[in-house]
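Here, each number is a calculation from the coordinates, and none is a lab measurement. Computed from a predicted structure; not experimentally measured. Ideal geometry is used to build each Cβ from the backbone, glycine not excepted, and the neighbour counts take in all protein chains shown.
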Amino acid sequence: RGRIRFSGAGVTYPNGTVGMKNLDLAIEPGEFVVIVGSSGAGKSTLLRAVNGLNRLTAGSVEIDGRAVPQREGRELRELRKGIGMIFQDFRLVKRLNVLSNVLIGRLAHVPAWRSMFNFWPQADRDIALDALQRVGIPEKAWTRASSLSGGQQQRVGIARALAQQPAIILADEPVASLDPVTTHQIMRDLVRINRELGITTLVNLHFLDLAREYGERIIGLRHGELVYDGSAKKVTDED
Ligand code: ADP
Ligand code: ADP
């Protein structure tokens with residue numbers, strides 16, 4: 001589970017901007033891939049193509065041999081359940097506690113009363129607590145999301161993705177809002193979790209140094225085109 005294949009894939013936005021051009025790319029199950037490029041290079045466009053958030057105008061993208069549907073509907077909703085998203089701005093529900101935020105990864109709709117009375121299906125609750133354990137903050141389960149530090153909030157973001165028990169994790173500039181120390185902690189968490197669970201992981205970063213340090217495989221983008229695909233050891237600024 002978690003194989004991704006782009007074939008001649010392109011995205012031209014309705015206003016004519018080219019976000020992605022003729023991309024051929026195969027990512028194998030369990031890979032940890034860093035996508036690097038300056039702002040506007042097409043990193044988000046690539047990630048959003050994987051979960052069908054933007055429509056391809058050329059070619060195709062397949063997950064485990066099945067084409068990603070190019071219109072909203074039941075099929076796309078099902079596919080997205082198997083893809084965890086991690087965001088630069090965390091996107092937590094600030095007034096809810098941490099456990100409820102993690103459960104959003106499984107239950108999509110988390111009513112306030114359930115959160116208030118801690119009333120959850122046992123299986124979902126166990127999976128959410130396990131996810132919090134994995135990111136190292138089980139003791140924060142009952143804390144309001146709004147009172148956490150940035151790094152802790154991003155750990156909740158990672159736990160929410162894990163609670164989906166996804167085949168794929170997409171992290172769009174997950175450390176761009178964090179200080180340098182926290183940045184390295186979160187990157188190490190992402191690498192460790194990838195190794196432990198074998199979830200195919202795509203991480204967008206705009207700093208090459210960070211990409212080099214953590215990417216096992218680095219994909220370089222410029223103006224929507226693939227300009228580098230290889231190991232972290234070999235990549236240079238020239239690429
Ligand atoms: P990155 O994530 O590397 O910063 P993006 O994928 O966000 O790059 O953007 C790639 C290009 O597509 C940029 O020129 C950006 O302005 C453009 N773009 C992104 N989203 C849209 C959109 N919804 N409509 C039009 N252009 C867009
Ligand atoms: P990020 O840096 O998180 O990728 P962006 O700044 O690229 O975010 O985009 C933020 C939002 O604005 C996205 O929904 C994107 O689709 C849209 N967007 C980005 N560039 C353009 C553009 N040139 N024209 C229209 N919408 C855009």
In region 41-81, the residues that are within 14 Å of ligand 2 (Cβ to nearest atom), in contact (Cβ under 8 Å) with a residue 60 or more places away in the chain, assigned to a loop (DSSP other than H, G, I, E, B) and farther than 20 Å from ILE104 by Cα
ALA41, GLY42
Report, by residue number, each residue of region 82-120 that is part of a loop (DSSP other than H, G, I, E, B), away from ligand 2 (no atom under 16 Å from the Cβ) and not hydrophobic (A, V, I, L, M, F, W, C).
GLY82, LYS94, ARG95, HIS109, PRO111, ASN118
Among the residues in region 121-130, are any part of a loop (DSSP other than H, G, I, E, B), in contact (Cβ under 8 Å) with a residue 12 or more places away in the chain and not acidic (Asp, Glu)?
no
Filtered residues of region 186-221 (kept if within 22 Å of GLN164 (Cβ to Cβ) and over 16 Å from the mean Cα position of the chain (by Cα))
GLU196
Test of understanding: among LEU92, LEU103, LEU47, LEU53, which residue is under 19 Å from the mean Cα position of the chain (by Cα), within 16 Å of ligand 1 (Cβ to nearest atom), within 21 Å of ILE193 (Cα to Cα) and not small (Gly, Ala, Ser)?
LEU47
Which residue is farthest from ligand 2 (Cβ to nearest atom), if the candidates are limited to region 10-23 and must be assigned to a strand (DSSP E or B) and over 20 Å from the mean Cα position of the chain (by Cα)?
ASN22
Please give the helices (runs of 4 or more DSSP H) falling wholly within region 138-239 in which 2 or more residues are surrounded by fewer than 15 Cβ atoms within 10 Å (Cβ to Cβ) and more than 16 Å from ligand 2 (Cβ to nearest atom).
180-197
